[in-house]
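A quick write-up on the structure given underneath.
The values are calculated or read from the model by the stated rules, or taken from the named source; none is laboratory data. Treat the numbers as computed from the prediction; the structure is a model and nothing was measured. Don't worry about glycine lacking a Cβ; one is built from the backbone with ideal geometry, like all the others, and counts go over all protein chains shown.
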Amino acid sequence: MRALSYLYLAVLYGFIFLPVGVLVLFSFQEGRLPVPPFNGPSLKWYAQVLGDRDLMAALLNSLVLALVSSAIALVLGFLAAHALARHRLPGSVLMRGLLIAPMTVSYLIIALGLLTLFNRIGLGPSLWATGIGHVVINLPLCFAIAYAAMGDHHISAERAARDLGASEARVLWLISVPMLAPPLLAAYFLSVTFSWDEFIIAFLLTRFEVTLPVEIWSMLRSGLSPATNAIGSLVFLVSVVGVVAMELFVLRKAKA
Amino acid sequence: MTAGVDIRGVSHRFGTHQALTAIDLTIAAGEFIVLLGPSGCGKTTLLSILGGFVQPGQGSVWINGRDMTHVSPKDRPTTTMFQDYALFPHMSLLDNVGFGLRMRGQSRPVRNARAMEMLDMVGLAAKATARPHELSGGQRQRVALARALAVDPAVLLLDEPLGALDLKLRRQMQDELKAIQRRVGTTFVHVTHDQEEAMAIADRIVVMNAGKIEDVGPPQKVYLTPASLFSASFMGEINLIPATPNGTGIDTPLGPLPLGSTAKGPQTLCLRPENTGLAGDIALGPARLTEAAFFGTHFRCHFAPLAAPDMALTAHLPQSGHPAIGSTVDLFATSATLLSA
């Protein structure tokens, strides 16, 4: 019975990680095609990828886009959550619904809507436009996480801070934000991850400065190559570092 | 710092619920006032109005001669010790206690020195770098007190701060609160529903019920000569006997009693159990002992007066013993209060 459970575990993890494992393995392929038989290992595709200026520019774009758009989404989401959790506002149920609604809309629809809107107001496709798109998709997430995390003990701590002479801005910055740090950081890292590998919005809303997923897609159009595996592995590595960092700094602290 | 508080004609309603009705109360500087009453009597609402967390619908609040009715909590010379302590979990005790000074623009060395002084006063100087979650309930309590007093408020508001502690710790904290209040001289306004706690710490007790003040006075006065029936029964166990003035005294189910009353209309005779017994100035007539139980400091006995067998009078008899159950004795009272029914 015990052996069976372990077998199930192995199959389960295999199912999840085999594709990634194969991707990483064939990024070390010596030959020109990322298909068996494996010959190598070789780092030449990594050298090529890291030497590719377009690819590196796209990677940098993606990174900046993810970090900045997530920060904006987090600030806006947190402020909205705080306002709706603390104050009785007219139509707050409706507002909450409207804030979360974009989560249920497909990225394609959001992208098409933004494309139409930006064309109408004369803001052409650009990294900025994509950034706005990513704020649109990540704001509901940040809002929902922050809103769910706000509890009664936060309210009384905020009240105590006000009682001791803190202005609203200082209550937010010195009390609410630090007390909610674990969920807020979790929301931020999740947003960064979503923005980092988002394709449809970036594809429709960028033109010259593209993000990494868009660049990878254009690489794929010229056929399979271990270079795509290599860049894919790098993307995966960044995500792993992000998750490990979150585990170390956020979740561990939350337990303490 | 210390200051007097003047509450003038304060009324407040939450929706359709009238929480406070025409409250007038003057508190002297340096006084330890306890707002006492059952839950829902409006005492916490009144405290919130003093702290600035609730704006009264009518009336005004004056602190140190200044109208504070519409001043926000952060600009008031009051601080609050909250029921759930409301310590900042992400800060050390030192930073918790120093927070108010930080908000007042004090430099770190100044506020740390002051915070250490306050922590020392509550006996927690050795734990200055600890976080709140490392402390016991009683210790958190002390930190909350130190934090509220660190900014040297004119008035300290205490919202049922001892409610979550066990009996022994509560008694100990009552003594400490009283001692600290004497030391710092700040005006304390303390809310509780526990009449023993009120008597243990208060200079004056304000008994509240259904949004109104029933009685105000020193513990002894409120206990021995309550101003209202509610106050009389809330302050402790009491025998209530209907009475009617008859010109020279009163008529009661026990028979006529020689207690003078100038009041008209139906009255209620109030007898504390410890003032009722086998000797005294006021003869209550013969009664049969129906039940007795030993309570440590006294025997708690139930008597059925022969004149009114359906009535049960409670009396506290000395530890030394009680008459046999079923026997008939003459009951007396050493003091009694007559209130309008």
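Tabulated results
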item: From the options B:ALA113, B:ALA146, B:ALA126, residue that is over 20 Å from the mean Cα position of the chain (by Cα), part of a helix (DSSP H, G or I) and touching a residue at least 40 places away in the same chain (Cβ under 8 Å); result: B:ALA146
item: Close pairs (9 angstrom Cβ cut-off, 6 or more residues apart or separate chains): touching a residue at least 60 places away in the same chain (Cβ under 8 Å) and part of a strand (DSSP E or B) in the stretch B:11-37, buried (at least 22 other Cβ atoms within 10 Å of the Cβ) and of a type in the set (Phe, Trp, Tyr) anywhere; result: B:PHE32/B:PHE188; B:ILE33/B:PHE188; B:VAL34/B:PHE188; B:LEU36/B:PHE234
item: Residues of the stretch B:133-150 that turn out to be within 12 Å of another protein chain (Cβ to nearest Cβ) and surrounded by fewer than 17 Cβ atoms within 10 Å (Cβ to Cβ), as a count; result: 2
item: Residue among B:THR78, B:THR45, B:THR69, B:THR129 that is in contact with a helix residue (DSSP H, G or I) (Cβ under 6 Å, 6 or more places away or on another chain) and either of a type in the set (Val, Ile, Thr) or surrounded by fewer than 20 Cβ atoms within 10 Å (Cβ to Cβ) (or both); result: B:THR78
item: Residues satisfying the stated conditions in the stretch B:167-221, i.e. more than 21 Å from B:THR26 (Cα to Cα) and surrounded by 23 or more Cβ atoms within 10 Å (Cβ to Cβ); result: B:LEU177
item: Tabulated pairs, the stretch A:110-128, first without any contact (Cβ under 8 Å) to a residue 12 or more places away in the chain, second not in a loop (DSSP other than H, G, I, E, B), C-beta under 7 angstrom, 6+ apart or interchain; result: A:LEU123/A:ALA129
item: Helices (runs of 4 or more DSSP H) contained in the stretch B:179-250 and holding at least 3 residues touching a helix residue (DSSP H, G or I) at 6+ places or on another chain (Cβ under 9 Å) and hydrophobic (A, V, I, L, M, F, W, C); result: B:195-201
item: Selected residue (criterion: modelled with the lowest pLDDT) from residues of the stretch A:77-105 that are part of a helix (DSSP H, G or I) and small (Gly, Ala, Ser); result: A:SER92
item: Any hit, the stretch B:57-71, residues being within 26 Å of A:TRP173 (Cβ to Cβ), at pLDDT 90 or above and within 14 Å of chain A (Cβ to nearest Cβ); result: yes
item: Lone qualifier among A:LEU65, A:LEU89, A:LEU60, A:LEU18 - being loosely packed, with under 14 Cβ neighbours inside 10 Å, under 25 Å from the mean Cα position of the chain (by Cα) and under 30 Å from A:ALA144 (Cα atoms); result: A:LEU60
item: Residue list for the stretch A:1-53, restricted to those being farther than 17 Å from A:ILE216 by Cα and of a type in the set (Gly, Ala, Ser); result: A:ALA3, A:SER5, A:ALA10, A:GLY14, A:GLY21, A:GLY31, A:GLY40, A:SER42
item: Test: residue in the stretch A:33-41 that is surrounded by 14 or more Cβ atoms within 10 Å (Cβ to Cβ), assigned to a loop (DSSP other than H, G, I, E, B) and in contact (Cβ under 8 Å) with a residue 60 or more places away in the chain; result: yes
item: In the stretch A:145-156, the residues that are at the interface with chain B (Cβ under 10 Å from one of its Cβ atoms) and either assigned to a loop (DSSP other than H, G, I, E, B) or among the charged types (D, E, K, R) (or both); result: A:ASP152
item: Restricting the stretch A:157-188 to residues that are surrounded by fewer than 21 Cβ atoms within 10 Å (Cβ to Cβ), under 18 Å from the mean Cα position of the chain (by Cα) and of a type in the set (A, V, I, L, M, F, W, C), the residue that is farthest from the other protein chains (Cβ to nearest Cβ); result: A:ALA186
item: Exclusive hit being among the small types (Gly, Ala, Ser) and buried (at least 18 other Cβ atoms within 10 Å of the Cβ), set B:ALA308, B:ALA263, B:ALA287; result: B:ALA287
item: A:ASN138 vs. criteria more than 14 Å from every other protein chain (Cβ to nearest Cβ), out of contact with any Leu (no Cβ under 7 Å at 6 or more places or on another chain) and buried (at least 22 other Cβ atoms within 10 Å of the Cβ); result: yes
item: Residues that are within 13 Å of chain A (Cβ to nearest Cβ), more than 21 Å from A:HIS153 (Cβ to Cβ) and in a loop (DSSP other than H, G, I, E, B), drawn from the stretch B:80-110; result: B:ARG104, B:GLY105, B:GLN106
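Matching residues to (1) at pLDDT 90 or above; (2) farther than 28 Å from B:ALA28 by Cα; (3) aliphatic (A, V, I, L, M):
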residue: B:ARG108; (1), (2), (3): yes, yes, no
residue: B:GLY123; (1), (2), (3): no, yes, no
residue: B:ARG140; (1), (2), (3): yes, yes, no
residue: B:ALA144; (1), (2), (3): yes, no, yes
residue: B:ASP159; (1), (2), (3): yes, no, no
residue: B:LEU162; (1), (2), (3): no, no, yes
residue: B:LEU165; (1), (2), (3): no, yes, yes
